[in-house]
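Structure first, then comments.
The values are calculated or read from the model by the stated rules, or taken from the named source; none is laboratory data. What you see is a predicted model, and the numbers here were worked out from it, not measured in a lab. Reconstructed Cβ throughout: ideal geometry from the backbone, glycine too, with neighbour counts over all protein chains shown.
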Amino acid sequence: MKKISIIGDGGWGTTLAIHLSKKGHDVILWSAFKTYAAALSRSRKNSKFLPGIKIPKAVEITSDIKKAIENSEIIVLAVPSCYIRKILLKIKKTDYRKHIFLSVSKGIEEKSHKRVSEIVYKELGKVDLCILSGPNIAYEVARGYPATCVIASKNISQAKILQKIFTNEKLRAYTSNDLCGVELGGSLKNIIAIAAGISDGLGFGMNAKAAIVTRGLVEMARFGVALGAKKETFNGLSGMGDLVTTCMSGHSRNHYVGQKIGEGKKLNYIIKHMDMVAEGVKTTKSVYELNKKYKINMPITTEIYKVLYKNKSPLNAVSDLMLREKKMED
């Protein structure tokens, strides 16, 4: 059994703490807020991010980052990508170098345009690092519904260690050596999920959503290959698997944002009334800006950027997508 710290008390971080505790591991769940950590410890319920699920008493809850890091062998980074660098600067002040790090964040930093793994290496040096991604709605995993994920690392032996730690009869983990592809798949699918949500909000049917999912996957793979990922990775759990889940699930934050936009709500209003972070909003901007360098054909991403940041009408965006230059399917 391992000593594992989950850095981040959101829905997915709490779910993983519960999952690993039930497997018999010694788990610490870290919260950035002392008062919320105390409330979680008393109630054993994360009513804000994972309502209806009991946190086992065996899970220790703390707001002391030094205690969380130095008492564990494995550090799971489960905070939104926009907060990763800030948290890493806290971790940097602790004795962290002998740990295995696992990122479960799905986003690209807004200003630097870096993936989480790149931020980790920049701030902590060449630590042992893996990425976990896949079609994992926290609400379902927390309830013990069958699910799968993929754990990627440049060091496949480290990925296999974590595969054994995470896998049970409810959650099956696969491994991959395409860290870039797995990480990008989990990030890019959020952009397409916003598009799928807009389609639903506009009242379109399954034909439109199927087109978004299919052509969105092509877009994701194009971008990934340009950045060094393997094309086939996007046909797997962190690509197609996560994409389908996020575009279809009523529990998807990114789909929710898109749906509300399709229904006529403004982005600032939507974000203001959400407790959780929809990674796809900032990732859309990061990918759009990063693509100025790579010049990849990404029509869905381009239109979603214009809807989110240029106040373009969703209906006009749909029209422009449909009336683009005719081409063969690729």
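For segment 64-102: of the residues being basic (Lys, Arg) and assigned to a loop (DSSP other than H, G, I, E, B), which is surrounded by the most Cβ atoms within 10 Å (Cβ to Cβ)?
Lys92
How many residues, within segment 287-300, are more than 14 Å from Ile192 (Cα to Cα) and in a helix (DSSP H, G or I)?
Number satisfying all stated conditions: 6.
Just to be sure I understand the filter: pairs with C-beta atoms under 9 Å, separated by 6 or more residues or on different chains, first member in segment 310-330 and at positive phi, second member in a loop (DSSP other than H, G, I, E, B). Which pairs pass?
From residues that are at positive phi, the pairs are Asn311/Lys266.
Give me the residue from segment 49-63 that is hydrophobic (A, V, I, L, M, F, W, C) and in a loop (DSSP other than H, G, I, E, B) and, out of that set, surrounded by the fewest Cβ atoms within 10 Å (Cβ to Cβ).
Going through the qualifying residues, I end up with Ala58.
Look through Asn235, Asn254, Asn168 and report the one residue that is under 18 Å from Ser105 (Cβ atoms) and of a type in the set (S, T, N, Q).
From the options Asn235, Asn254, Asn168, the qualifying one is Asn254.
Which of the helices (runs of 4 or more DSSP H) contained wholly in segment 103-222 include at least 3 residues that are without any contact (Cβ under 8 Å) to a residue 40 or more places away in the chain, within 19 Å of the chain's Cα centre (by Cα) and in the same structural domain as Tyr83 (by TED's automatic domain parsing)?
The qualifying helices (runs of 4 or more DSSP H) are 116-124.
Would you confirm, using the coordinates I've provided, whether Glu140 is surrounded by fewer than 21 Cβ atoms within 10 Å (Cβ to Cβ) and over 28 Å from Lys265 (Cβ atoms)?
No, not satisfied.
It is to be established whether one or more residues within segment 303-312 are under 28 Å from Gly13 (Cβ atoms) and either aliphatic (A, V, I, L, M) or in a helix (DSSP H, G or I) (or both).
yes
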